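Taken together, the values in this text are just the output of simple stated rules run on the coordinates, not laboratory data. What you are looking at is a predicted structure, and each value in this text was computed from that prediction instead of being measured. Note that each Cβ is placed from the backbone with ideal geometry, even for glycine, and that neighbours are counted across all protein chains shown.
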Amino acid sequence: MSSDDELAERLRDGDEKALRAAYDRHGAAVLYLAQRLLGNRADAEDVTQVTFVAAWTGRDSFDPQRGTMLGWLLGIARRKAVDRMRSAARDDRVTETVRAQLAPPDERETPERIVDRLVVADELGRLPDEQRRTLELAFYDDLTHPQIAAVTGLPLGTVKSHIRRGMANLRRRWEVDGAAFGSRSAGPSRAL
């Protein structure tokens with residue numbers, strides 16, 4: 001293949017071998033640009049691949065009168081790299097938002113929160129051992145019902161029953177003791 005013009009014409013005609021030839025000829029330059037923009041070899045390799053896929057699907061848009069094939073490919077690569085950076089920034093913002101919502105608040109221990117913890121701890125202490133253990137695994141260790149069954153060796157149905165009964169006991173106690181302190185939720189919170 002002698003020129004980019006001939007290569008571009010074959011690419012526009014749907015010749016898959018022309019795409020391979022374009023990659024062999026210009027892939028290193030595309031990768032270099034992507035790596036300079038992103039600063040990460042793995043992301044740059046992904047952008048290079050996406051660039052050539054986009055070149056293949058948009059091959060009709062290449063016009064040799066407007067520029068070279070290399071310039072066209074680098075333009076695609078630049079847009080794909082910018083898209084990757086924007087996506088990463090969005091992901092970072094979402095992660096920070098979720099992290100901020102899950103983080104415990106930096107508030108002082110109020111007397112109400114201390115009483116809440118004592119009520120829950122007292123009621124947990126009154127539960128049968130297996131029931132208390134399943135609730136502790138569910139709330140303090142954040143295990144799922146199947147995970148609790150695996151850890152304790154109890155059947156899954158028993159685990160679910162222990163959690164349901166334990167929660168009912170805690171709810172009853174919470175409603176009785178909570179009446180003096182105003183409206184409270186009817187169950188333990190993960191912040192305990």
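Data table
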quantity: Sites Arg41 and Asp15, calculated FRET efficiency, Cβ-Cβ separation with R0 41 Å, nearest 0.05; calculated: 0.85
quantity: Global form of the range 111-181, assessed from the alpha-carbon gyration tensor, a/c cut-off 1.5; calculated: prolate
quantity: Relative contact order %, the range 4-102, counting alpha carbon pairs below 8 Å whose residues are six or more apart; calculated: 31
quantity: Residue order, fewest to most surrounding Cβ atoms within 10 angstrom, among Ile148, Ile163; calculated: Ile163, Ile148
quantity: Residues Met85, Met167 arranged by fewest to most Cβ contacts within 10 Å; calculated: Met85, Met167
quantity: Sequence of Lys160, Lys17, Lys80 once ranked by neighbouring C-beta atoms within 10 Å, starting from the fewest; calculated: Lys17, Lys160, Lys80
quantity: Shape of the range 1-50, Cα gyration tensor, a/c cut at 1.5; calculated: prolate
